[in-house]
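Notes for the one structure printed next.
The values are calculated or read from the model by the stated rules, or taken from the named source; none is laboratory data. In this text the structure is predicted, and so the values were computed from the model without any measurement. Backbone-built Cβ (ideal geometry, glycine too); neighbour counts: all protein chains shown.
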DNA sequence: GAATTTTCTTTACGCGCGTAAATTACTGAG
DNA sequence: CTCAGTAATTTACGCGCGTAAAGAAAATTC
């Protein structure tokens, strides 16, 4: 390794005995030059350590190798996990992922989108805020940038949506709970930020109706992204008012359930499926922490890998199709039931 | 708002009745043009919606307005939280933060650093992997880019370090535990990835020695970033082998404690400070989930806001000083004790 | 109101690379 | 060896902006 600093592609081209346009071609797509030339370049690359200037590279490109990944709330380990999986996929595919979190705020989501559009990314994975999203802003963004929505669907936005099949989630948990004990009551926030919550409630109602059972929906007040605290408060209120309609509670999502379990514990209510347990609690998402709750949480898991794979695959086709699909592509991935001690 | 698309700064300059260099000056620093001129530009800006091309802007700049934030593991809510706080500070200060996670892997950390260096960022906040970091790579990076290390210190790297005062953390928890019951045994991973772990063990040994007490360090096998599972397994092993040396356990960090508490629960061991409790457990970090454990975790909290403020402030001085400090600046921020039900 | 300072305009060049067109060199099949 | 086809080279221009220099205009000072 010679440590002589290389200023630009011109210089590197000279050192590797090739012309600049050929080097440029190589960096755009190494497969576009002859094998021997490629070796020659890679040999020089190992000797001199040169990287083309990103800014100059992207300036004259209509589409860059950048892929944006935008999530509503990165401090939620669910999004951290899915973002991490997507990031890896992008790198493996030769793209440069850039990660953004809206931190639950509409203004930030809008800023992220307008900043992202200026980067001329090859494509974007967007998990929108949901109810709090500025539909106009997202629509305008999707007109400029090839976008795959994930996690939460906004009807008609983006070229495709990859998400979880909420009906599959709820049917599996409800079926299991009904099979092994009392039918569950459904526990959720009154004004959920995420459209999945509404889909899950509807799925619950449908599954219960199909089974000829009376649904029970418990809605608790609460705003924002502090789901655990809302769940905890809900548990306290319900137990205090003796308002639990049954001994089986199905939470809309794991973060609510984590709080709910904490509330039950604080009230001395033993949760689980064994004897001596007053309550069964189950939920959806398989949040990274749900195996460490007390008791460990029975839940329906996202197939993180499958979702990420499908996202990448969809974005690839989208890029190849020039950024537009004839019809909006929707993929729903079913859940995997995870049995633990809580139900 | 006229929706005529503006191609470049030249065109925008014409529309706003000013010259391009003046517009360029404004975008570099709005305060560098006369107030009236600024108004004139901002007025045009509101009518025409123009953003200079990022790539062209940064190409000829020696330092950009980009700030890199690199953490070892973003799926850990502690890092998600600190990254979020730093991100906000950067935006408020007019910088564009870009977030990176090494996902616990040395190769990724190195890739992030070399990619980041190519962006010519104004500065970087780097929380290194720690033991797994490639010291040479970090050293080389810090030579090129003004870097503030945070969370975990690597002696001599970067121009400054902002972190938590591990001695303050441990002294407060140990003091509290000693004051209210039996002196704690210290529970940790045998080969911790993070240098803070070592500092905490040393602090524990010192605080115990100063108090004339016999220290007890329990080390559990385990690699990687799945701290909760390691803590859980540790609890099972200790309880099974009746190897708990005392009824008071101080975990090195909250993620271990979260797992430890789960293990205790699974073993039917009641944790807390009330009567009927077999064990007290405390820890350090005030992890976002530590208030939802069963029981809620007594811990020593990072001052997220203070740390973030100090980081920003340090980076500002560093940038103003031209990227170099005469002497490496180290700031340690003390902890805040959080009393909950577990101890 | 003149002198000084600050701000803006004009002009012009350069950054590092993408990319197109025309030309030359190489490759492999017959 | 010839010839078509592919690959690389040469040449040249453009992208959008930073920035420097010199001069004009405006603001400030006394």
Exercise. How many residues does the stretch B:1-34 hold that are outside any helix (DSSP H, G or I) and more than 8 Å from DNA strand C (Cβ to nearest atom)?
Worked result: 9
Exercise. Within the stretch B:35-100, which helices (runs of 4 or more DSSP H) (wholly inside it) include 3 or more residues that are within 16 Å of DNA strand C (Cβ to nearest atom) and closer than 25 Å to residue B:24 by Cβ?
Worked result: B:35-48, B:54-59
Exercise. If we keep just the residues of the stretch A:222-234 that are touching a strand residue (DSSP E or B) at 6+ places or on another chain (Cβ under 8 Å), within 14 Å of another protein chain (Cβ to nearest Cβ) and over 25 Å from residue A:176 (Cα atoms), which is surrounded by the most Cβ atoms within 10 Å (Cβ to Cβ)?
Worked result: A:230
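Residues in the stretch A:139-178 that are assigned to a helix (DSSP H, G or I) and within 13 Å of residue A:196 (Cα to Cα): how many?
So the answer is 5.
Based on this model, can you work out whether residue A:125 counts as more than 10 Å from chain B (Cβ to nearest Cβ) and either touching a strand residue (DSSP E or B) at 6+ places or on another chain (Cβ under 7 Å) or in contact (Cβ under 8 Å) with a residue 60 or more places away in the chain (or both)? Walk me through it before giving the result.
Details: more than 10 Å from chain B (Cβ to nearest Cβ): yes; either touching a strand residue (DSSP E or B) at 6+ places or on another chain (Cβ under 7 Å) or in contact (Cβ under 8 Å) with a residue 60 or more places away in the chain (or both): yes.
Against the criterion (more than 10 Å from chain B (Cβ to nearest Cβ) and either touching a strand residue (DSSP E or B) at 6+ places or on another chain (Cβ under 7 Å) or in contact (Cβ under 8 Å) with a residue 60 or more places away in the chain (or both)), residue A:125 qualifies.
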For this session: Inspect all residues belonging to the stretch B:203-221 and state whether any of them is crowded, with 22+ Cβ neighbours inside 10 Å and within 14 Å of chain A (Cβ to nearest Cβ).
Result: no
Seminar exercise, completed: For the stretch B:270-300, the count of residues that are in contact with a helix residue (DSSP H, G or I) (Cβ under 9 Å, 6 or more places away or on another chain) and over 18 Å from residue A:264 (Cβ atoms) equals 15
Exercise. Any residue in the stretch B:292-308 that is surrounded by 18 or more Cβ atoms within 10 Å (Cβ to Cβ), modelled with pLDDT under 95, away from chain A (no Cβ under 14 Å) and outside any loop (DSSP other than H, G, I, E, B)?
Worked result: yes
Exercise. Residue A:62: at negative phi, within 16 Å of DNA strand D (Cβ to nearest atom), without any contact (Cβ under 8 Å) to a residue 40 or more places away in the chain and within 37 Å of the chain's Cα centre (by Cα), yes or no?
Worked result: no
Exercise. When both residues are 6+ apart or on different chains and their Cβ atoms are under 7 Å apart, which pairs have a first residue that lies in the stretch B:16-29 and is within 14 Å of chain A (Cβ to nearest Cβ), and a second that is within 6 Å of DNA strand D (Cβ to nearest atom)?
Worked result: B:27/B:52
For this session: Say whether the condition of being under 20 Å from residue B:69 (Cβ atoms), assigned by TED's automatic domain parsing to the domain that holds residue A:310 and out of contact with any strand residue (DSSP E or B) (no Cβ under 9 Å at 6 or more places or on another chain) is met by at least one residue in the stretch A:95-103.
Result: yes
Exercise. Do you know which residues across the stretch B:1-13 are exposed (fewer than 13 other Cβ atoms within 10 Å of the Cβ), more than 7 Å from DNA strand D (Cβ to nearest atom) and away from every other protein chain (no Cβ under 14 Å)?
Worked result: B:2, B:4
